Amino acid sequence: MTAAANPVAEGLVLRPFEDADAPALVEAYRDETLRRFTRTPVDDEEQAAHWLGQQREGRAAGTRYSFAVLDAGGLVGNVVLKRGTPGGESAEVGYWTAGPARGRGVAPRAVEALTAWAFAAFAEDGLRRIDLLHEGDNHASCRVAEKSGYAFAEILPAFPPYPLDGHRHSRKRLDGSERGSSE
């Protein structure tokens, strides 16, 4: 199976971030809920340029595949596959949704698209499991995990910079016989 260049989600466009996304990033990060659940704030154009540079560096290194999530041409979210070790059996999915786009199913569609893309793109590279981690009081992320097929796996103890216990949800790559088809 050959993976598409970018994940595909119904009604959304997913593509690597571009420098032109900087103003939309700054605007999205003005949302207090988003800031609460992310580690790296983007307060101005300089921080946006730094953030965008980190995404490019991660892609070049094979450790981070970040995609802008667009609806009607506007930035409504971010979805990212984090591979601490290229060629490793596991990875982590991360995401955020801009405040005005919440409640429209953006995050589950983007996470599902990224998951399918990642398992196709990295099947021969050994990717077998993707985890979705979130703080225990982030009930919206639990719902996103469930809607995206990520089963609850365990409670994670608090670990700085996160002050609360968290949840780990996981999704495993199914082989062809489990899906009833071959890959």
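Using the Karplus equation 6.51 cos²θ - 1.76 cosθ + 1.60 (θ = phi - 60°), what ³J(HN,Hα) coupling, rounded to whole Hz, does each residue of the stretch 93-102 give in order, writing x for Gly and Pro?
My calculation for the stretch 93-102 gives 9, x, 6, 8, 10, 4, x, x, 9, 5 Hz in order.
Summing Lys, Arg as +1 and Asp, Glu as -1, what charge do residues with Cβ under 15 Å from the Cβ of SER90 carry, SER90 excluded?
Details: positive: ARG64, LYS82, ARG83, ARG128, ARG129, ARG168, ARG171, LYS172, ARG173; negative: GLU89, GLU92, ASP125, ASP131, GLU154.
Once positives and negatives cancel, what remains is +4.
Can you sort VAL111, VAL13 from fewest to most other Cβ atoms within 10 Å of each residue's own Cβ? Don't skip to the end; give the middle numbers.
Working: VAL111 28, VAL13 16.
Least to most surrounded, the residues fall as VAL13, VAL111.
Please report the orientation-averaged projected area of the chain, defined via the convex hull of its C-alpha atoms, in nm².
Values: hull surface 41.6 nm².
Orientation-averaged projected area of the Cα hull: 10.4 nm².
When the expected Rg is taken as 2.2 N^0.38 Å, what fraction or multiple of it is the alpha-carbon Rg of the stretch 71-171? It would help to have the intermediate numbers written out before the result.
Numbers: Rg = 13.8 Å, N = 101, 2.2 N^0.38 = 12.7 Å.
This ratio for the stretch 71-171 stands at 1.09.
Take the alpha carbon atoms of the stretch 78-146, find their center, do the same for the stretch 1-76, and report the distance between the two centers in whole angstrom.
13
Treat the count of other C-beta atoms within 10 Å as a stand-in for reagent exposure and order PHE67, PHE17, PHE159, PHE152 from fewest to most. Could the numbers behind the result be given before it?
Values: PHE67 26, PHE17 22, PHE159 10, PHE152 13.
Ranked by crowding around the Cβ, least crowded first: PHE159, PHE152, PHE17, PHE67.
For every helix of n ≥ 4 consecutive DSSP H residues, a contribution of -39,500 (n - 2.57) applies; sum these over the chain, divide by its total residues, and give [θ] at 222 nm rounded to the nearest 500 deg cm²/dmol. Before the final figure, lay out the partial values.
Working: 6 runs with 58 residues, N = 183.
Mean residue ellipticity, 222 nm, calculated: -9000 deg cm²/dmol.
We did not get these values from a lab; they are worked out from the coordinates using the rules stated. Being a predicted model, the structure only gives us computed values, none of them experimental. Using ideal geometry, Cβ is built from the backbone for each residue, glycine included, and neighbour counts are taken over all protein chains shown.
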